[in-house]
1. For Leu109, enumerate residues with amide H under 5 Å from its amide H, sequence gap 5+ or separate chain, H modeled in the peptide plane.
2. For the chain, modelled as a Gaussian network with Cα springs under 10 Å, which listed residue fluctuates most, Asp160, Asp31, Asp106?
3. Any lysines with Cα under 19 Å of the Lys83 Cα? List them, leaving off those in the same chain fewer than 8 positions away.
4. Could you work out which residue, out of Lys207, Lys283, Lys218, moves most in a Gaussian network model of the chain, that is, has the largest mean-square fluctuation with Cα springs under 10 Å?
5. Quick one: in the chain, what % of C-alpha pairs are over 27 Å apart?
6. If I take every Cα pair under 8 Å that is 6 or more residues apart in the chain, average their sequence separation and divide by the length, what percent do I get for the relative contact order?
7. What is the range 139-227 by shape, rounded, prolate or oblate, if you read a ≥ b ≥ c off the alpha carbon gyration tensor as root eigenvalues and call it rounded for a/c under 1.5, prolate for a/b larger than b/c, and oblate otherwise?
8. Can you give me the C-alpha center-to-center distance between the range 148-191 and the range 216-244, rounded to a whole angstrom?
Amino acid sequence: MTRHIPVLAKEIYENLIINNKNDSEKYYHLDCNFGDGGHVEYFIENLLKSDKYKKIFIYALDLDQEAIVRGKDFLKKYKDNNKLSITIIQGNFANITDLIKDIKFDSVLFDLGLSTYQLSGAGRGFSFKYDEKLDMRFSTLPANEGELTAYDIVNFWSLDNICLILRQYADEKSAWRIANKLVEVREHKKIETSGELADIIQNQVFKGGKGKIHPATKTFQALRIAVNAELQVLDQGLKGTYDVLNKNGCIAVISYHSLEDVIVKQYFKDLEKNDKGMRVNKKIIIPTDEEIKENPKSRSAKLRIFKKI
Ligand SMILES: C[S@@+](CC[C@H](N)C(=O)[O-])C[C@H]1O[C@@H](n2cnc3c(N)ncnc32)[C@H](O)[C@@H]1O
């Protein structure tokens, strides 16, 4: 399966390194969304070229056990490099202060959402293009009792609650029609797979109508956000990483939809108002036309950077 292409890598690296004025010979970087390790590799390659740092410590987190195995494989070429220490941890960035103790970072990166690998048939029902079990959790471990999956939402949540997440998390104009149809269909047979769900929305709600984007796009987005509590964990993750940031250290966040961006923007503004640092960029940084042409998945990316003072 093709490797995920890291988005805005040059812009992030340059901003984080230029803004880091520490005199130490050690550099500590934390990547909260390891994925296929593309951003981590970009950082490593460029930090290794610089003479300033004698020792480079990279920490990375991901909830997805398979992503960690894949990403580690991409980085195995560095295993004998003694200037470098790489630690990859399976866990949720919302729990950063429990997962990593007694280390302060010079830079922290969030690259939110899904990797190309997860979207292209990783078996968890993230995409309407594949017929997979409706799960949508980032973790690949079997769901614990009480742990929410997309299957639970579409088959057991009330009409009102399904409607609410479709509106709140995806601004779906046909929320009521979709929720109503799901409730009707599940009376006869549970909705088991991403393919079944996509088919119900495309052929029963929209009667096969053809638009530019697939009519199930927003439903899939809303379900994924709800299953992984993405907005709540982002809020916790940002607060936690501020605590593990060195003075003069920077947090960079790439978000891919406006609900995430609003949380990041507001959090950085609040920190600035309380004299906890400054926004490095007041206007969002977005990919160039060239990057979008090379990697169309980057087109909705928005980058914000904050510096702790
Ligand atoms: C866009 S991909 C990152 C791609 C990566 N930057 C690269 O260059 O290969 C997002 C990754 O974040 C992970 N993820 C999403 N939410 C998470 C969370 N709350 N805690 C830890 N990892 C998370 C996903 O499993 C996915 O692998």
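1. So Leu109 has HN proximity to Leu30, Asp31, Cys32, Ala252.
2. Asp160
3. Lys26, Lys49, Lys52, Lys54, Lys55, Lys72, Lys104
4. Highest fluctuation of the listed residues: Lys207.
5. Values: 21293 of 47586 pairs.
Tail of the P(r) past 27 Å holds 45 percent of the pairs.
6. Details: 507 pairs, mean separation 59.4, N = 309.
Contact order relative to length: 19 percent.
7. Numbers: a/c = 1.57, a/b = 1.44, b/c = 1.09.
Prolate.
8. 19 Å
No lab work stands behind these numbers, since they all come straight from the coordinates. Please read all numbers here as calculations on a predicted model, not as lab measurements. Cβ coordinates were reconstructed from backbone atoms using ideal geometry, including for glycine residues, and neighbour counts include every protein chain displayed.
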